[in-house]
Each structure stands twice: as C-alpha cells, then as structure tokens.
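Just below is one structure, and these are the notes that go with it.
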Amino acid sequence: MKYYILFGPPGAGKGTQATAMVEKYNLHHISTGALLRKEIAAGTELGLQAKALIENGCLVPDEVVEGMIESEFKTVTGVDGFLLDGFPRTLPQAEALDQILAKTGEEVTATVSIMIPDAMIMERIKGRALKEGRADDASEDIINNRIVTYHNQTEPLIEYYGKVEKYHEIDGIGTIEDVRDRIFSVMDKF
Ligand code: AP5
Ligand code: MG
C-alpha cells in the first residue's frame with residue numbers, strides 16, 4: 001500500500017488537487033478537515049468539541065485526528081493506497097502515523113507538498129469563502145491565525161520528512177492543471 005501525505009499551508013490547493021490524485025493512482029482520500037466538518041454538521045459530541053477550535057483557526061487535539069486516521073485505514077479496502085490531506089499537522093501526529101503504519105509493516109511513501117506564499121493563501125481563501133461559506137474562511141483574523149498555526153506547528157514537518165528523504169515540494173503557483181502535472185511527475189516515481 002502507498003501512503004502519501006498531501007502537505008501544504010491553508011488554501012494551497014490540497015483539496016483541489018486531491019481529486020485528480022486519487023483517481024489517477026487509485027487512492028482513498030482522507031481529509032481530516034473534511035471529516036471534522038462532517039462531525040460538526042452532524043452535531044456529534046466530537047463535532048461540538050472541535051467546532052470552536054476550528055472556527056478560531058486552531059488545531060484540534062492530536063488524539064482526535066489520530067483516531068480518525070487509524071479507523072479509516074482499518075475500514076477502507078479496494079484501493080492501492082491512501083492520500084492524507086491535512087494530516088499529519090504536528091510532530092506528535094507524524095510520530096503517531098509512523099507507529100500506526102509500523103503495526104502492519106507499512107511506512108509513509110512520500111510527502112507531496114504544495115507551496116504558495118502567505119499573501120496568496122489569503123487571496124485564495126477569500127475567493128473560496130464567497131463560494132463555499134466555510135466558517136474558518138469567514139474573516140481575515142481567522143485566516144491569519146491559521147497561517148500562524150501552520151508556520152508554528154506544521155512547518156517543522158518539512159524537516160521531519162526531509163531528513164528521511166520523503167519530502168517533495170511542488171510550486172503551487174500557476175493554473176490548477178500546471179500544479180497537477182507537477183504533482184503527477186513526482187508521484188509517477190513511486
Ligand atoms: P483543513 O480542511 O485541512 O484546512 P486547511 O489545511 O486550512 O486547508 P484548506 O482546506 O483551507 O486548503 P486546501 O489546501 O485544501 O485548498 P483548496 O484546494 O480548497 O483543516 C481545517 C481545520 O480543521 C484546521 O484549521 C484544524 O482546525 C482542523 N484540522 C484538520 N486537520 C487537522 C489535524 N491533522 N490536526 C489538527 N487539526 C486539524 O484551495 C483553496 C482555494 O484556492 C479554492 O477556492 C480553490 O479553487 C483555489 N485554488 C486551488 N488551486 C488553485 C490554483 N492553482 N490557482 C488558483 N486558485 C486555486
Ligand atoms: Mg482542503
């Protein structure tokens with residue numbers, strides 16, 4: 001099984017590119033953000049706990065997302081691998097992922113990182129806010145908090161995966177098709 005991490009700051013285009021990636025490589029897409037939004041919409045206990053954190057641009061506790069990932073791994077079959085969108089996002093999550101995969105003799109295949117500058121994050125998320133109405137896209141303050149959270153808590157993963165030669169950075173500037181082709185040229189190697 002292949003285990004790809006789709007990495008990148010908020011609004012970089014992870015969700016946008018995931019569709020083409022799962023189709024071409026027969027992967028199951030797991031977006032922890034989308035799973036959490038589903039819990040909020042369904043009004044579950046987990047959703048209620050996550051709501052305020054997400055809507056302030058903060059991360060939910062590591063154990064919550066680790067549990068979600070492990071249960072998806074166990075229940076999904078018939079694919080050649082998984083595409084983890086927005087997970088891991090902290091060093092403890094990355095270590096937990098290594099441990100979860102090691103239980104079945106598996107490991108992370110590669111981290112595909114879509115990179116854009118902070119000013120473009122703001123621009124893209126404001127554009128999406130008009131179409132999708134996500135609560136965490138609603139104000140500049142929240143978006144800025146997500147950017148700060150990314151730099152402080154998630155960016156250290158670049159070094160974590162870089163050290164084991166599993167970090168592959170892609171320029172996220174350009175058309176959706178240009179970025180997709182850059183991603184495919186990296187993934188074709190695995
Ligand atoms: P999550 O849902 O993962 O949000 P995110 O990482 O902030 O990323 P986004 O979904 O905002 O951006 P994207 O990269 O998918 O961009 P998109 O393709 O939509 O997480 C939400 C929250 O959940 C977190 O803040 C946290 O609270 C919680 N959470 C999730 N995972 C967690 C974890 N592991 N641990 C703890 N907490 C967690 O594109 C953005 C816009 O740009 C779209 O409008 C798109 O059409 C446009 N666009 C895309 N590509 C291009 C292009 N090439 N040119 C022009 N426009 C483009
Ligand atoms: Mg997304």
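Things worth noting here:
- Projecting the Cα positions of I30, G67, L130 onto the charge dipole of the chain (unit charges on Cβ atoms of Lys, Arg, Asp and Glu, taken about the Cα centre) puts L130 furthest along the positive direction.
- Highest to lowest packing among 142-152, 45-55, scored as the average C-beta count within 10 Å: 142-152, 45-55
- Peptides 175-182, 88-95 ordered by packing proxy, namely the average of other Cβ atoms within 10 Å per residue, highest first: 88-95, 175-182.
- Order by protection proxy (mean Cβ within 10 Å, highest first), peptides 118-125, 69-76: 118-125, 69-76
- Calculated FRET efficiency for the pair R134/K74, C-beta based, R₀ 25 Å, to 0.05: 0.30
- The range 1-54, dipole about Cα centre (Lys/Arg Cβ +1, Asp/Glu Cβ -1), debye to the nearest 20: 120
- Here the accessible area of the range 1-135 is 53 percent carbon and sulfur, with a 1.4 angstrom probe and all protein chains present.
- Cross-link pairs K2/K163; K24/K131; K131/K163; K38/K189 - those with Cα-Cα distance over 29 Å: K131/K163; K38/K189
- Rg over Rh [alpha-carbon atoms, Kirkwood Rh] for the chain: 0.93
- In the context of the full set of protein chains, the range 2-187 has a per residue accessible area of 49 Å² (1.4 Å probe).
- Considering only T90, Q49, G78, the residue lying farthest towards the positive end of the dipole of the chain is G78, judged by Cα position with unit charges set on Cβ.
- Highest-MSF residue in the chain out of A18, A129, A96 [GNM, Cα springs under 10 Å]: A129
- Dipole size of the chain about its Cα centre, with +1 on Lys/Arg Cβ and -1 on Asp/Glu Cβ: approximately 360 debye, rounded to the nearest 20.
The values are calculated or read from the model by the stated rules, or taken from the named source; none is laboratory data. These numbers were taken from a predicted model, which means no experiment stands behind them. Note that we place each Cβ from the backbone using ideal geometry, even for glycine, and neighbour counts take in every protein chain shown. Just so you know, the surface numbers come from the protein's heavy atoms only, side chains and all, with ligands and any DNA or RNA stripped out. Shrake-Rupley method; radii C 1.70, N 1.55, O 1.52, S 1.80 Å.
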